[in-house]
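Below: the structure, in structure tokens.
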Amino acid sequence: MMAVQQNITPTKERDSNLELFRIIMMLSIVAHHYVVNSGLSPLVAETPYEWRNYFLLLFGMWGKIGINCFVLITGYFMCKSDITVRKFLMLLFEVVFYNIACYSIFLLTNYESVSLKGLYYALNPISSITDGFTSCFLVYYLLIPFLNVLVNNLSSRQHTILVILCIFFFSLMDHVPGFKFRFNYVGWFCVLHVIASYIRFYQKGFKLFSSRGIYLVLLGMTIAILGVMLPAWGRNLGLPFDGWIYRWVSDSNAFLAVISSILLFVGFKNIHIGQSKIINTIASSTFGVLLIHANSNTMRRWLWGDVCQNVEWFNSPWMPLHAIGCVLAIYVACIIIDKIRICLIEKPTFVVVDKILAKYGKR
């Protein structure tokens with residue numbers, strides 16, 4: 001996952017706390033993919049629980065929480081901002097560029113063969129609105145102006161009730177046996193927008209925690225970790241456990257994932273580090289990291305199977321160093337690639353696009 005860097009005209013120098021948070025969350029998503037997209041998940045679930053299982057459980061548990069936090073960041077900034085044609089075109093251009101570029105490279109290297117299905121996914125930026133993050137984020141982005149009409153016209157009481165109802169029905173009730181729920185990322189991102197806008201509009205209510213941001217971060221992490229480790233310990237002790245150990249954080253609407261995401265977001269929002277151009281520059285390419293390393297099934301197979309060879313490292317005592325090194329290397333490489341794309345392709349392209357938009361009075 002992942003939200004796009006938003007540009008808002010500030011009245012004062014903007015703190016880089018949420019930009020740092022954006023970087024950390026993207027690292028957590030890459031770490032999540034290291035475990036769940038590489039063939040390691042079955043090994044973690046099926047082998048006797050040892051230190052390597054626990055390490056991988058903790059290392060890969062933050063992906064859906066990361067998605068929540070990225071959308072919360074977007075909703076927090078965009079609930080008082082306008083979606084311009086230029087902003088959406090830049091987002092769409094980035095998605096289409098990486099789809100075509102990655103597909104073309106795999107074709108040229110004979111790693112993938114030409115197929116109508118492959119061409120369809122390469123050329124179509126919105127191929128699914130069920131659970132594919134990028135497609136759903138594009139649709140959510142288009143819905144933001146309409147969501148803003150809703151949240152900006154709610155009273156404080158109405159907004160509070162709406163947040164409670166959304167969390168209750170779309171998150172908590174999903175864990176009740178027999179309750180039928182069909183998850184959809186677009187709808188869930190709209191729920192997160194409601195929550196993020198509530199935090200933005202009623203920040204005074206969160207000032208109690210303004211000097212305790214780090215405690216909220218630690219609390220959020222603790223809740224999520226216990227939600228994973230308690231079932232793991234129980235299973236290791238032979239206690240009956242039905243379901244995947246990540247159940248309480250297994251998707252973005254999982255209850256502990258929601259609670260942890262909100263605590264982490266509010267906590268980082270209240271940790272003030274001042275403005276850092278380095279952090280802001282890196283954070284502006286986090287969406288590119290997602291689009292590159294999680295571009296397709298072919299990319300996942302090549303990256304985690306052929307290059308990193310995660311499964312082969314499972315039984316190695318050096319596996320934790322391999323995991324951390326791979327995540328950091330992938331993140332840095334993707335940031336560099338995205339900065340090159342911005343300089344060589346995006347900027348020249350949008351010189352032309354800006355002229356066309358100006359001609360028709362758009363922005």
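Annotation note: of I214, I271, the sole residue that is of a type in the set (V, I, T), open to solvent by 50 Å² or more (accessible area, probe 1.4 Å) and at pLDDT 75 or above is I214.
Looking at the range 84-95, which of its residues are open to solvent by less than 40 Å² (accessible area, probe 1.4 Å) and either touching a strand residue (DSSP E or B) at 6+ places or on another chain (Cβ under 8 Å) or part of a helix (DSSP H, G or I) (or both)?
Going through the range 84-95, the residues open to solvent by less than 40 Å² (accessible area, probe 1.4 Å) turn out to be 84, 88, 91, 94-95.
Residues satisfying the conditions are F88, L91, E94, V95.
Within the span defined as the range 49-67, one or more residues are assigned to a loop (DSSP other than H, G, I, E, B), touching a Leu at 6+ places or on another chain (Cβ under 9 Å) and open to solvent by less than 10 Å² (accessible area, probe 1.4 Å).
Scan the range 217-250 for residues that are open to solvent by 20 Å² or more (accessible area, probe 1.4 Å) and either aliphatic (A, V, I, L, M) or modelled with pLDDT of 85 or more (or both) and the total you get is 10.
Against the test of being open to solvent by 50 Å² or more (accessible area, probe 1.4 Å) and within 15 Å of V35 (Cα to Cα), the options L321, L303 yield a single qualifying residue, L321. The listed residues are Y111, Y76, and the only one of them that is hydroxyl-bearing (S, T, Y), open to solvent by 60 Å² or more (accessible area, probe 1.4 Å) and either within 23 Å of L27 (Cα to Cα) or assigned to a loop (DSSP other than H, G, I, E, B) (or both) turns out to be Y111.
Taken across the range 128-137, residues that are within 22 Å of T286 (Cβ to Cβ), touching a residue at least 24 places away in the same chain (Cβ under 8 Å) and surrounded by fewer than 18 Cβ atoms within 10 Å (Cβ to Cβ) do occur, with at least one present. Among the conditions (1) within 24 Å of N270 (Cα to Cα); (2) open to solvent by 30 Å² or more (accessible area, probe 1.4 Å), the only one that D174 does not satisfy is (1).
Whenever a residue of the range 169-191 is closer than 15 Å to Y140 by Cβ, its partners that are among the hydroxyl-bearing types (S, T, Y), lying with C-beta atoms within less than 7 angstrom and at least six residues away or across chains, give the pairs N184/T130; Y185/T130; V186/Y140; W188/S252; F189/Y140; C190/Y140. S81 meets the conditions (1) free of Cβ contacts under 8 Å to residues at least 40 places away in the same chain; (2) closer than 27 Å to P348 by Cβ; (3) not acidic (D, E); (4) not in a helix (DSSP H, G or I) in every case but one. The failed one is (1).
Output yes when any residue across the range 280-291 is part of a loop (DSSP other than H, G, I, E, B) and under 18 Å from the mean Cα position of the chain (by Cα), and no when none is. Talk me through it step by step, then tell me what you get.
Residues of the range 280-291 part of a loop (DSSP other than H, G, I, E, B): 284-285.
Checking the rest, the ones that are also under 18 Å from the mean Cα position of the chain (by Cα) come to 284-285.
For the range 280-291, residues part of a loop (DSSP other than H, G, I, E, B) and under 18 Å from the mean Cα position of the chain (by Cα): present.
Residues of the range 261-279 that are within 17 Å of R200 (Cβ to Cβ), in contact with an Asp or Glu (Cβ under 6 Å, 6 or more places away or on another chain) and part of a helix (DSSP H, G or I): none at all.
The values are calculated or read from the model by the stated rules, or taken from the named source; none is laboratory data. Computed from a predicted model, the values in this text were never measured in an experiment. Counting neighbours? That spans all protein chains shown, and the Cβs are built from the backbone with ideal geometry, glycine included. Just so you know, the surface numbers come from the protein's heavy atoms only, side chains and all, with ligands and any DNA or RNA stripped out. Shrake-Rupley method; radii C 1.70, N 1.55, O 1.52, S 1.80 Å.
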